[in-house]
Amino acid sequence: MKALAPGTVIFHRHRGYGVITHVNLLTGWICARFGSEARTLDLNLSTDDVQHADGEAILFRRAPPDRMPHARLMAMVRALHQAGYEKLYLYSWPKPSGLHWRWHLFTAQRDWMQRPWREGWYGSGADYNVNPVMGWGDSPGATTDELVTALARFDPQGLAQALGRDEDHTAWFEGACKLLLPGYMYSLNAERPGAGGLQEAPPVPVIPVRASLPAYDGPALGWPPGWAGLWTRAHVMPAPPIDITGERKLRETS
């Protein structure tokens, strides 16, 4: 998709050729001038069928966007595993507030608790919500192949460390992708070991990546290789948001 900026020549089916004067990509609205220097027209990129001057359609959020990038990252990691980069791992977990979800890619040695941090290989939903890119020079809505290409160009030395075999984890990850994609992601949020002793692990929590999807009710997902004994008590999800409307209490007392 070509870049949109003030000065871009566009075509509208009813107004003809015009020039963009203002762009707001957070909302999908633009202002454009058609023939008159004094008057502009507000257009919505999702519904007004705006085109570039050469006829290429301008598409903006035709489908509801993912509220988190984890499913897209899972598909990318899966493709890289199939290409021989099996020592690539995806760790995802909620921030303590429960409002956003973090992700972290790492390579080489599989050590979930002492995983290495490499600049550009991690992110947060707090950033993704206002700028839906991974930060590798990719574009919003990039396909799996485009994400792979962008990551390889961004950090070829880092990606080279993922070359190698990890058959146990690759098999687990392939099974997780078959169960969850394209609408769900997993969380590897677990308690660190302590003095309380080891307890039986619950299933891996699964979360929808879009608000419109129902809660996951498929087969339980086990923990990846290397997670045995990394927690001391049952896994708990972030506390639900506080209800300040009073509607729940009113229903209970009525």
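The values are calculated or read from the model by the stated rules, or taken from the named source; none is laboratory data. Note that the structure is predicted; figures quoted are calculated from it, not measured. Reconstructed Cβ throughout: ideal geometry from the backbone, glycine too, with neighbour counts over all protein chains shown. Surface areas here come from the heavy atoms of the whole protein model, side chains and all, with no ligands, DNA or RNA. Shrake-Rupley method; radii C 1.70, N 1.55, O 1.52, S 1.80 Å.
Among the residues here, residue 9 qualifies as open to solvent by less than 90 Å² (accessible area, probe 1.4 Å), modelled with pLDDT of 90 or more and closer than 24 Å to residue 141 by Cα.
Spot the failing condition for residue 90; the list is (1) part of a loop (DSSP other than H, G, I, E, B); (2) in contact with a strand residue (DSSP E or B) (Cβ under 8 Å, 6 or more places away or on another chain), and only one is missed. The one condition residue 90 does not meet is (1). Criterion applied to 191, 174 was being surrounded by fewer than 19 Cβ atoms within 10 Å (Cβ to Cβ), more than 18 Å from residue 80 (Cα to Cα) and either modelled with pLDDT of 95 or more or in contact with a Phe, Trp or Tyr (Cβ under 7 Å, 6 or more places away or on another chain) (or both), and the one residue passing it is 191.
Scanning the range 194-211 for residues that are at pLDDT below 80 and either open to solvent by less than 60 Å² (accessible area, probe 1.4 Å) or closer than 20 Å to residue 67 by Cβ (or both) yields a total of 5.
Considering only the range 121-138, state which residues are assigned to a loop (DSSP other than H, G, I, E, B), over 19 Å from residue 80 (Cβ atoms), of a type outside the set (A, V, I, L, M) and open to solvent by 60 Å² or more (accessible area, probe 1.4 Å). Listed by number, the residues that qualify are 129, 131.
Only one of these is modelled with pLDDT of 95 or more and at positive phi: 120, 135, 84. Name it. Of the residues listed, the single one that is modelled with pLDDT of 95 or more and at positive phi is 84. Out of the residues in the range 67-84 that are within 11 Å of the chain's Cα centre (by Cα) and outside any helix (DSSP H, G or I), state the one that is nearest to residue 121 (Cα to Cα). Ranking the candidates gives 69 first. Given the criteria within 13 Å of residue 159 (Cβ to Cβ) and in a loop (DSSP other than H, G, I, E, B), does residue 118 qualify? Yes.
Applying the set (1) part of a helix (DSSP H, G or I); (2) loosely packed, with under 15 Cβ neighbours inside 10 Å to residue 182 leaves exactly one unmet item: (1).
Within the range 1-44, track down each residue that is in contact with a Leu (Cβ under 8 Å, 6 or more places away or on another chain) and either of a type in the set (Phe, Trp, Tyr) or in a loop (DSSP other than H, G, I, E, B) (or both). Within the range 1-44, 1, 4, 15, 25, 28, 29, 34 meet the criteria. Suppose the filter is open to solvent by less than 40 Å² (accessible area, probe 1.4 Å), modelled with pLDDT under 65, over 19 Å from residue 73 (Cα atoms) and among the β-branched types (Val, Ile, Thr); does residue 232 pass it? Yes, satisfied.
In the condition set (1) in contact with a helix residue (DSSP H, G or I) (Cβ under 8 Å, 6 or more places away or on another chain); (2) over 22 Å from residue 213 (Cβ atoms), residue 87 is compliant with all but (1). The residues on offer are 118, 102, 153, and the sole one that is closer than 21 Å to residue 223 by Cβ and either open to solvent by 30 Å² or more (accessible area, probe 1.4 Å) or over 17 Å from the mean Cα position of the chain (by Cα) (or both) is 102.
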